[in-house]
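My structure is below; once you've seen it, I'll send some questions.
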Amino acid sequence: MTATNFVYVTYIDTSPEQLWRALTSAEFTRQYWGQRGIESNWQVGALVQLLKEDGSLDWSGQVLEAEPPRRLCYTFLPATDDEMPGYQGQRVDLTRPEQPSRVTFVIEPYLGKVKLTLTHDQFEPGSKVLPGVSNGWPVILSGLKSLLEGNASLFPDWR
């Protein structure tokens, strides 16, 4: 059976409100997501996009759910293959674009901390994007956790 989803769970010493802000604010995302800023008005149906330092598009999607500070869900479609390294650093060939996948963040209080569950799913069978996000999300979320708990990103020079 071929995997068609990615799930990552982490616990962060922060508040649900602070984590929500870190996930939805360009100011925050630039600090842990390789100088990329997330942009949206976070209304259901609105455009969401991640912009690189030079203003070019990394990926885009549409807000499906936004329930601050508990749940955030949007579609995900890479603009190019530049940000989708597959296994062993090989670039993914996106000459045949895949359908958008879906990203869901669930934020739950847990013993005075926050449990963050990321589910990235609805990939096509044999997706070429799934290996890239499976490698990327742990780096991004580790940087987010480090920033919120220690006031510094784990990978500050990552671009």
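Can you work out ³J(HN,Hα) from phi for every residue in the stretch 6-21, in order, using Karplus 6.51 cos²θ - 1.76 cosθ + 1.60 and θ = phi - 60°, giving whole Hz and x for Gly and Pro?
9, 10, 9, 10, 9, 10, 10, 7, 7, 9, x, 5, 5, 5, 4, 4
Report the accessible area of E124, computed with a 1.4 Å probe over the heavy atoms of all protein chains in place, in Å² rounded to the nearest 10.
Estimated to the nearest 10 Å², E124 gives 40 Å².
Between S142 and V7, with labels modelled 7 Å along Cα→Cβ, what's the label distance in nm to one decimal, could you check?
Computed distance between label sites S142 and V7 equals 2.2 nm.
Taking all protein chains as present, what is the carbon and sulfur share of the accessible area of the stretch 33-72, in % to the nearest whole number, probe 1.4 Å?
45
Checking the cross-link filter: which lysines have an alpha carbon closer than 16 Å to that of K113, excluding same-chain neighbours under 8 positions apart?
Within the straight-line cut-off, K113 pairs with K145.
For K128, go through the lysines and keep the ones whose alpha-carbon is under 23 Å away, minus same-chain ones fewer than eight residues off.
Correct list for K128: K52.
What full-extension length gain, to one decimal in nm, is calculated for V44 and S25 as 0.36 nm per residue of separation minus the Cα-Cα distance?
Numbers: separation 19, 0.36 × 19 = 6.84 nm, distance 1.65 nm.
Full extension of this stretch gives 5.2 nm more.
Taking 22 Å as R0, compute the FRET efficiency from the Cβ-Cβ separation of Q18 and L57 and round it to 0.05. Please list the in-between numbers first.
Values: r = 27 Å, r/R0 = 1.24.
Once rounded, the FRET efficiency stands at 0.20.
Could you sort L47, L144 by their accessible area in this structure, using a 1.4 Å probe and putting the largest first? Show your work: numbers first, answer last.
Values: L47 100, L144 0 Å².
Output order, biggest surface exposure first: L47, L144.
The values are calculated or read from the model by the stated rules, or taken from the named source; none is laboratory data. From a predicted model like this one, the values you see are computed outputs, not experimental measurements. Here Cβ is always computed from backbone atoms with ideal geometry, including for glycine, and neighbour counts include all displayed protein chains. In case anyone asks, the SASA skips ligands and DNA or RNA and just uses the protein heavy atoms, side chains included. Shrake-Rupley method; radii C 1.70, N 1.55, O 1.52, S 1.80 Å.
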